[in-house]
C-alpha cells in the first residue's frame, strides 16, 4: 500500500459521522447532535466541508429513537446534517455495528463518535486539517474531563493508537483495511486493532489536542473505573484476542492462566470462550510477527503519561 494517504488536497470534503446507540437517552443524543451541527456550520463557512451525514445505528433491544424523535432532530439540525437511522434489531456490538453503518456511508471521510460525545465548534476543521498532512491516516480528538493517558509526540501528535470515542479517517483506507475486525472484537479493542492496522499499512495515527470533546465518565469516589459485569467480560475477551492476533503467545498464556485462577466469573468466562474458539479454529489470523507495531505494556496498549 502506498505511504500516501487516500485523501489528499484542499477541496471541501464530505464527512459521514457514525454512532452506535445502546439504550442512550434522547436528551443526550440531541445534545451531542446539536454540538456536531454547530461544528458543521462553521466548517462549511470556512470551506472545509461539503456534505455531512449523521448515521445512527441502534443495537438496543428496543429503538432509542422514535419517528417523532427523528422528526425533531431533522427539523432542528437538518440544515447541517443528513440524519439517518438504522435499527439493527439485535446487539451487534461496536465493530460490527460500525461496519454495517459503513456500508451505507458514502462520504469521503468517516468520523466515528460515541453518541453522547459533545464536540467543540471547530472539531471538523481541526481533524480534517490533520488528515491533509501527508502520511497521516487517522486522527483522534482530545477527551474531557478525563483525557486518555497514552503517550503522544507533542510536536507531531503521533501516537500508538486512537480511541474511537471520537476519531476520523479516510473512507478508502477503512475499506482497504477491511473495516473493524468484528469477528475478533465485540465491544473493546476494535479501535486499538484498527489503529495498529493503519500503522502496519504505513500511515500515522495522530492525536489532535486542540480538537476537544466532552465524554462523560462516571468514576468512584476514589477516581477509579466502575466496570459492569459485561464490561469486565468483553474487555477480558478483547485482551486475549488482541494479544493472540498481534503475535503475543506468551501474553495469551499469561492472561489465560490469570483469568482461570482469578475466581471472577466474568474473567473465567472469557478464558473458556477463548479456549472454545481456539479448539474450533475460529481465532483471528496472527499479524505483526516481528512486533513492529503492536505494543503491550503491563496490560496496556501504549506507554502512558500518567496512571489512571
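Please treat every number below as a calculation from the coordinates, not as lab data. Model, not experiment: these values are computed from the prediction.
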Nearest 10 degrees, 0 to 90: what angle lies between the long axis of helix 93-103 and the longest principal axis of the chain (Cα atoms)? 40 degrees
Rank 82, 191, 258 by mean-square fluctuation in a GNM of the chain with C-alpha springs under 10 angstrom and give only the top-ranked residue. 258
Could you tell me the relative contact order of region 91-184? Use alpha-carbon pairs under 8 Å, at least six residues apart, and round to a whole percent. 45 percent
Whole-Å distance linking the alpha carbon centroid of region 230-275 with that of region 58-103 is 32 Å
Which angle between 0 and 90 degrees, to the nearest 10, do you get for helix 229-245 versus the longest principal axis of the chain when only C-alpha atoms count? 80 degrees
Would you look at the GNM of the chain, springs on alpha carbons closer than 10 Å, and say which of 298, 91, 99 moves the most? 298
Which angle from 0 to 90°, rounded to the nearest 10, does the C-alpha axis of helix 249-261 make with the longest principal axis of the chain? 80 degrees
How high is the relative contact order of the chain? Use alpha-carbon pairs under 8 Å, at least six apart in sequence, and give a whole percent. 19 percent
May I ask for the distance between the Cα centers of region 183-198 and region 129-153, given as a whole number of Å? 17 Å
Go ahead and estimate [θ] at 222 nm for the chain from helices alone: -39,500 (n - 2.57) per DSSP H run with n ≥ 4, summed, over the residue count, rounded to 500. -11500 deg cm²/dmol
Over the chain, with a Gaussian network built from C-alpha contacts below 10 Å, which listed residue (48, 297, 15) shows the highest mean-square fluctuation? 297
